[in-house]
Each structure stands twice: as structure tokens, then as C-alpha cells.
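Derivation of every value follows stated rules applied to the coordinates shown; laboratory data play no part. Please read these numbers as outputs of a predicted model, since none were measured by experiment. Cβ: placed from backbone, ideal geometry, glycine included. Neighbour counts: every protein chain shown.
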There are 2 protein chains.
Amino acid sequence: MPSVIMNPPDALAQRLADSGLRSTPQREFIYGVLMKKRDHPTADEVYARVRADLPSISLATVYNCLETLVQCGLIRVVNFERGPTRYCPNLSPHAHFHDEQSGTIHDIDLPADLLEKVASILPPGFDAKSVEVTFRGKSQPAA
Amino acid sequence: MPSVIMNPPDALAQRLADSGLRSTPQREFIYGVLMKKRDHPTADEVYARVRADLPSISLATVYNCLETLVQCGLIRVVNFERGPTRYCPNLSPHAHFHDEQSGTIHDIDLPADLLEKVASILPPGFDAKSVEVTFRGKSQPAA
DNA sequence: CTAACAAATTGGAATGGTTCTAAGTAGCAA
DNA sequence: TTGCTACTTAGAACCATTCCAATTTGTTAG
Ligand SMILES: [Mn+2]
Ligand SMILES: [Mn+2]
Ligand SMILES: [Zn+2]
Ligand SMILES: [Zn+2]
């Protein structure tokens, strides 16, 4: 047994193992990209960022890995109209504000009680697995 | 002046005129398709339906006319994930329930006071021009 | 009515994000 | 070592939508 103290397994390796999937450099770096700059990048933007560390990664792999991370529940998918799919690292319940001018996406905290009220408008017979709240408009640049 | 009594101008002709646009058979029939079966068809589905009356209409024209109707505020655009854009004839405030099994879209009435509460979660500096509420899940077939 | 002009339609090509495919690579197990 | 499976890769294919250039239609002016 080596004297090296084992690091606690990171969230990614753990989740992948739970799903019977392997931890690969591509998955690790892509996950890192999402965790580091917590915005809402497109697959192309993730591709551009991860190429700094993995110059030979392919765009197909970026799509594959992002899909894997979504399946593992580590990131979420966000879509605005027909624009390219974006990926969101924020797992807490929130709405999205899409600034039309800048194209920026802002996370808006969504209180649990409001989420409940929204879900309660569904007539009997409707069983919602997910609720999405999306705003579009102008936002002041942050102070 | 002809003795024919003039029909009250329909909503479409009126709205088009207001925008300096012409009333064309293509626009009239496409609008009719949306008003008749008040579901959420894709451009292809509209194309299929309108070809019964206008066999020589082109898909490009279907896209053009639908966009025109949206600009005139007569119909609305709805998107689910990356699926083809759908068109909604219901102009009152409502949420959409997307049945994953059947692919059906259901309109869910959205009370004005709830819409207000939802809009009120926006911090100062955010000016929303539109709010969208979307559910995804299973729905019982209507009785 | 005709001529001129602008608006609208058309078929087909181009676009762009995403998915598919087939071939290669890497890690693990017997 | 061999075999097995998962994973990555490059590039082709896909498909909803937009663009383009040519034609048709409608409107207006003479
Ligand atoms: Mn945008
Ligand atoms: Mn669907
Ligand atoms: Zn988010
Ligand atoms: Zn609707």
C-alpha cells in the first residue's frame, strides 16, 4: 500500500462510477470548464475553452461528454428559442433571464414556495417532471 | 358602389393593413389553419394542412407567412428544446405543458396574479419583456 | 387600360447546430 | 497476451430554417 494519502473522490468521478461510466480526461476537463466559469456556454464555447488543456479533443467528444454530465445530473441543459443549446452548472432551482441585447444568460433564484404555486396551476391529470421559467428582456450591467 | 354588403374586415386583413402589408391567399389560409384547429403545429404541419387548399404553396412561403402573423401579433411562437418551432393561436397568457409520451402540447391557463408573482422575483435592473412557463411530463388523455 | 414599381411567392441552394458512423484508442479482465 | 468494452475521433449526414435570385402578383400613376 502506498503511503500517499488518497484524495477524496471528486463529485464527477463518484457520479460517473455510480453510473458505471469511466472517468476520462475529456470528461474531467469539460466538467472543470463548467465549474470554473459558472456561466451558460454553448458546446462550441466549451470546445474553445477545453482546447487550451486538451488541444486534440474533438467537438463530437464535447457533445458526448456534455450529454454524459447531463445524464449524471451534474449539469443542466438550457435552450432559448432555436439558439444553440447551452449548459448550466447551477443545480439549484432557478429561472433564466435572457438578455436580448448582450445575449447573456442570468440565473434568477426561484423560491420553492413560488415554484409550488406555479406547479399548482396544473389541472388534475397533468404530472410535471420539470418546470421551466424563462424571462427575455433587457438587464442593467451588474454594478 | 356595389350593392354587396361589405363583410366586417376580419382580424387578419385589418392587422395586415395596419402594418402596411397585403392580404394574400397564402396568409389568409395559413391564418385559417391556425384558427381552425387550435393546436400547436410545426411549419411542416401547417404546410401539410394548407396544401389541401393551396396545392402549389411553398414551404418557404409557409415560413414567411407564419413569421408575418407572429409580427402582427396574431399568433405566437413556441419552442421546446431543440425541436421544430411550433405556432400557437392562443393569445391569452398561458403556460405550455409538453407531454413527452405523445409529443402533445397543452395550454395551461396562467392567472394574472401568479404571472405577477413570477415576474416579481426579478431583482432590480432586470426588465422582462416576456415570461415563459413550460412544463414537461406525462398527461392523462382528456376524458 | 397600360406601364412602372413594390410586395410577395417560389424552388432550390446554403447554413449551422447537432447527431451519426465507422475506425481507431485506451483501459480493464481473464 | 488476448479479448472485451468503453470511449474518442474525424468527417459525413441530418434537418429545420434562412437565404437567394427569378418570377408572379398586386397597386398605383399616367
Ligand atoms: Mn439571444
Ligand atoms: Mn417531444
Ligand atoms: Zn442557469
Ligand atoms: Zn399555446
Q.
Based on C-alpha coordinates, I'd like the Rg and Dmax of the range B:11-86, in Å.
A. 11.9, 35
Q. Where is the GNM fluctuation largest for chain A (alpha-carbon springs, 10 angstrom cutoff): A:PRO123, A:PRO93, A:PRO111?
A. A:PRO123
Q) Once the Cα gyration tensor of the range B:92-137 is diagonalised, what are the square roots of 5 times its eigenvalues, in whole Å and ordered largest first, as equivalent ellipsoid semi-axes? A) 25, 11, 8
Q. In Å, what is the Rg of the alpha-carbon atoms in the protein assembly as shown, and how long is Dmax?
A. 23.5, 103
Q: Go ahead and collect, in residue order, the members of the range B:16-43 whose backbone nitrogen is under 11 Å from a label point 7 Å along the Cα-Cβ direction of B:THR85.
A: B:43
Q. Once you put a point 7 Å from the Cα of A:ALA52 and another 7 Å from the Cα of B:VAL77, both along the Cβ direction, what distance in nm separates them?
A. 3.4 nm
Q) What's the angle, to the nearest 10 degrees (0 to 90), between helix B:59-71's Cα axis and the longest principal axis of chain B? A) 70 degrees
(Q) For chain B, take every pair of Cα atoms, bin their distances at 5 Å starting from 0, and report each bin as a whole percent. (A) 2, 8, 16, 16, 18, 15, 12, 7, 4, 2, 1, 0, 0
Q) What gaps in nm, shortest first, separate A:ARG82 from its twins in the other copies when you place the label 7 Å past Cα toward the beta carbon? A) 1.4
Q. In units of 2.2 N^0.38 Å, what is the alpha-carbon radius of gyration of the range B:38-122?
A. 1.27
(Q) List, shortest first and in nm to one decimal, how far the label point of B:GLU116 (7 Å from Cα along Cα→Cβ) is from its counterparts in the other copies. (A) 2.2
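Relative contact order for chain A: what percent, with Cα pairs under 8 Å and sequence separation of 6 or more? Before the final figure, lay out the partial values.
Working: 149 pairs, mean separation 26.0, N = 143.
Relative contact order here is 18 percent.
For chain B, which span is the longest to avoid every loop-located (per DSSP) member of GluC sites (Glu not before Pro) having at most 13 other Cβ atoms inside 10 Å? If you can, show how the numbers build up before the last one.
On the way: sites that count: B:GLU81, B:GLU100.
Counting at most 13 other Cβ atoms within 10 Å as exposed, the longest clean stretch of chain B is B:1-80.
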Q | Residue with peak Gaussian network fluctuation, chain A [Cα springs, cutoff 10 Å], from A:GLN101, A:GLN71, A:GLN14 | A | A:GLN101
(Q) If each label sits 7 angstrom from Cα along the C-beta direction, how far apart, in nm, is B:GLU100 from its counterparts in the other copies? (A) 3.2
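Using only helices, what value at 222 nm comes out for the protein assembly as shown when you add -39,500 (n - 2.57) per DSSP H run of length 4 or more and divide by the total residues, to the nearest 500 deg cm²/dmol?
Value at 222 nm, helices only: -10000 deg cm²/dmol.
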Q. Which percentage, to the nearest 5, of the DSSP beta bridges contained in chain B is antiparallel?
A. 70 percent
Q: Name the lysines eligible as straight-distance cross-link partners of B:LYS138: C-alpha to C-alpha under 16 Å, and not fewer than 8 places from it in the same chain.
A: A:LYS129
Q: DSSP loop (so not H, G, I, E, B), at most 13 other Cβ within 10 Å: list which trypsin sites (Lys or Arg not before Pro) in the range A:54-127 pass both filters.
A: A:ARG82
Q: Mind pulling the angle between the C-alpha long axis of helix A:25-36 and the longest principal axis of chain A? Nearest 10 degrees, somewhere in 0 to 90.
A: 40 degrees
Q. Between A:GLU67 and B:ALA17, what FRET efficiency follows from the Cβ-Cβ distance if R0 is 41 Å, with the result rounded to 0.05?
A. 0.25
Q: Measure out, as a whole number of angstrom, how far apart the alpha-carbon centroids of the range B:72-143 and the range A:60-118 sit.
A: 17 Å
